[in-house]
1. Above 24 angstrom, tally the Cα pairs of the chain and express them as a % of all pairs, no decimals.
2. Applying a 10 Å radius around every beta-carbon, put 33-40, 75-82 in order of their mean neighbour count, most first.
3. Nearest 10 degrees, 0 to 90: what angle lies between the long axis of helix 57-73 and the longest principal axis of the chain (Cα atoms)?
4. So what is the calculated 222 nm ellipticity per residue for the chain, using -39500 (n - 2.57) for each DSSP H run with n of 4 or more, over all residues, to the nearest 500 deg cm²/dmol?
5. If one computes the Cα centroid of segment 3-75 and of segment 84-112, what distance in Å separates the two points?
6. Which of rounded, prolate or oblate describes segment 56-112 when judged by the alpha-carbon gyration tensor and an a/c cut-off of 1.5?
7. Once you keep just the Cα pairs under 8 angstrom separated by 6 or more residues, what percentage relative contact order results for the chain?
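Since every read-out is calculated from the coordinates, none of them should be taken as a lab result. Small disclaimer: the values here were computed from a predicted structure and weren't measured. Here the Cβ is made from the backbone with ideal geometry for all residues, glycine too, and neighbour counts use every protein chain on show.
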């Protein structure tokens, strides 16, 4: 498989990791859009959010829990945004599900 995020999980491509456990890896976004901008990705390859199965319920919750915990640790206790882009129309560019966490600046709506 030629997946960028799977290569990060495998250690084949370096990333500025901020957290790792047996289920997820979190690292700074290389093209950050806010003072704090990191990704939380599952170690398991799942291409699209719509590919999640009932068997992935724990993993999906763990991604969200990890995102909020790390956001607080990264100085975003007063607020942050989480985003998961899905498929082309949703703006997804890497086909391995991932959650963006952005903070330490005022977010506007709609996001664009």
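1. Looking at the chain, the distances longer than 24 Å represent 21 percent of pairs.
2. The peptides rank, most packed first, as 33-40, 75-82.
3. 30 degrees
4. The helix contribution divided over the chain gives -6500 deg cm²/dmol.
5. Answer, in whole Å: 13.
6. It is oblate, given that a/c is not under 1.5 and a/b is not larger than b/c.
7. RCO, the chain: 30 percent.
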